[in-house]
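Colleague: Mind having a look at this structure? Questions to follow.
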Amino acid sequence: MDMRLEFSTDGVSEENRFEQWSEITREHFAGLTSERTTEKPFFGRLRAHTVGRLPVMDFHAAAHRVCLNARDIARGSREAYLINLQVSGTSTMRQGGTEHRLAPGDFGIIDLTRPGEVHFEQEWQGVTLALPHHVLQPRLRDRDMAAGLVVRGAEGAGALASAYLGTFARMPPPTGSTAEAVGNILVDLLAVAVGATAEAREAAAPGVLAARRQAVCDYLERHLGDPDLDPASVASAFRMSTRYLHELFEPTGETLMRRVLSHRLERCRQDLAAPAMRSRTIADIAFGWGFRDLSHFGRVFKAAHGMTPREWRKQALASGALPVESPCARVRES
């Protein structure tokens, strides 16, 4: 069933904010009980949708505690896990006699059939995925190992799962077979990070490769403005060989640096057409997106767009409209 929900306390009076937040989260998120932990003004914002059959929620809120007690479980137990990714701030998760601190990038797993709690000590942002037992447990070496577990997002399979879950929440909701495929990759990554069976690890291999490639692509987007961005620096950042890095991109039919070039050109195209960027020179914009040589930039821009940067800027600003699609696919020079 498709779920779409957006809620914010911004338009709610201060005295009613936490009460409304509690009602919304209890109704839509497994009957959890929310408790105030500070007298400071409260705010909360959430956005929820489904990808395939998996509900995913994006949160931003002030400090508070979320509890699952025996009464909540008796009232309406769901045989599912809540996978909670800490995006910013810190939290403490307790379940099954264990207590863990979560830092940004870490994710914790709460079993909704057992008492537990998560205490957000400060303003925080997070992503939560609801995952039925029957989806995750068959992939695990021990069916009970996930409850109350925290996976660190600093390296290894945990880093891949963490990055993919964050991307999963931000992406426009895919549909049909694409949504199912994206959801399956995420579940496979979570299983590998928690402790998958040999069979599940083998089945997850294509998804792990896709997630690694996506993590690299996200890194490229964040560093497009770095003129030193190259295969060696990217491989070093991900602790992999340059050979393996190139192999990651072979199935796409696009080399890593061809991707960097086309995305840099697209950012330059947008900036050249933006009225707010009118005061910046063409060189300023090109160098700002990682180009080192203005002559080279002019050549590859014309190859991609059929006109020089100056001609494009003049035309775009005169028309006041930015084309929906860019012909960056015509890039021939890297």
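Colleague: If you average 1/r across every pair of different Cα atoms in the range 60-134 and take the reciprocal, what Kirkwood value do you get, in Å?
Modeller: Numbers: mean 1/r = 0.0799 Å⁻¹.
The answer is 12.5 Å.
Colleague: Tell me the relative contact order for the range 1-125 as a rounded percent, counting alpha carbon contacts under 8 Å between residues six or more apart. Each step should come with its number before you reach the end.
Modeller: Details: 258 pairs, mean separation 31.0, N = 125.
Computed value for the range 1-125: 25 percent relative contact order.
Colleague: Going by C-beta contacts inside 10 Å, put His305, His49 in order with the fewest on the left. Write down the numbers at each step before the final one.
Modeller: On the way: His305 22, His49 17.
Fewest-to-most Cβ neighbours within 10 Å comes out as His49, His305.
Colleague: Sort Arg143, Arg267, Arg47 so that the residue with the fewest other Cβ atoms within 10 Å of its own Cβ comes first and the one with the most comes last. Could the numbers behind the result be given before it?
Modeller: Numbers: Arg143 12, Arg267 18, Arg47 15.
In increasing order of surrounding Cβ atoms, one gets Arg143, Arg47, Arg267.
Colleague: With Cβ to Cβ distances under 14 Å as the rule, what net charge do the other residues near Asn16 carry (K, R +1; D, E -1)? Can you show the working numbers first?
Modeller: Working: positive: Arg17, Arg36; negative: Asp10, Glu14, Glu15, Glu19, Glu23.
Overall, the nearby charge balance is -3.
Colleague: Could you work out the percent of alpha carbon pairs in the range 223-334 separated by over 18 Å, rounded to a whole number?
Modeller: Numbers: 3209 of 6216 pairs.
Everything past 18 Å amounts to 52 percent.
Colleague: If you don't mind, there's one more thing I want to ask. Using helices alone, I'd like the mean residue ellipticity at 222 nm for the chain: each DSSP H run of four-plus residues gives -39500 (n - 2.57), total over residue count, nearest 500.
Modeller: Values: 12 runs with 148 residues, N = 334.
So the calculated ellipticity at 222 nm is -14000 deg cm²/dmol.
Colleague: Just the number, please: Stokes-Einstein D of the range 9-73 in µm²/s, Kirkwood Rh from C-alpha pairs, 10 °C, 1.306 mPa s.
Modeller: Details: Rh = 12.8 Å.
Value of D from the Cα-based Kirkwood radius: 124 µm²/s.
Colleague: Over the Cα atoms of the chain, Rg to Rh with Kirkwood Rh, two decimal places? Please list the in-between numbers first.
Modeller: On the way: Rg = 23.2 Å, Rh = 22.3 Å.
Using only Cα positions, Rg/Rh for the chain is 1.04.
Colleague: Multiplying the sequence separation of Ser88 and Ser236 by 0.36 nm and subtracting their Cα-Cα distance, what value in nm do you get?
Modeller: Details: separation 148, 0.36 × 148 = 53.28 nm, distance 2.54 nm.
Extending this stretch completely gives an extra 50.7 nm.
Colleague: Right, something else. Apply the Karplus curve 6.51 cos²θ - 1.76 cosθ + 1.60, θ = phi - 60°, to the phi angles in the range 5-16 and return the couplings in whole Hz, x for Gly and Pro.
Modeller: 8, 9, 8, 9, 7, 4, x, 9, 4, 3, 5, 10
Colleague: Right, here's the next one. Determine the distance separating the Cα centre of the range 78-131 from the Cα centre of the range 276-314; give it in Å without decimals.
Modeller: 46
Colleague: If each residue's Cβ is checked for other Cβ atoms within 10 Å, how do His263, His296 rank with the fewest at the top?
Modeller: Ordered from fewest to most neighbouring Cβ atoms within 10 Å, His263, His296 come out as His296, His263.
Colleague: Okay, moving on. Summing Lys, Arg as +1 and Asp, Glu as -1, what charge do residues with Cβ under 13 Å from the Cβ of Arg101 carry, Arg101 excluded? Walk me through the numbers on the way to the answer.
Modeller: Values: positive: Arg94, Arg152; negative: Glu99, Asp106, Glu121.
In short, -1.
We did not get these values from a lab; they are worked out from the coordinates using the rules stated. Values in this document were obtained by computation on a predicted structure and should not be read as measured data. Cβ atoms come from the backbone with ideal geometry, glycine included; neighbour counts cover every protein chain shown.
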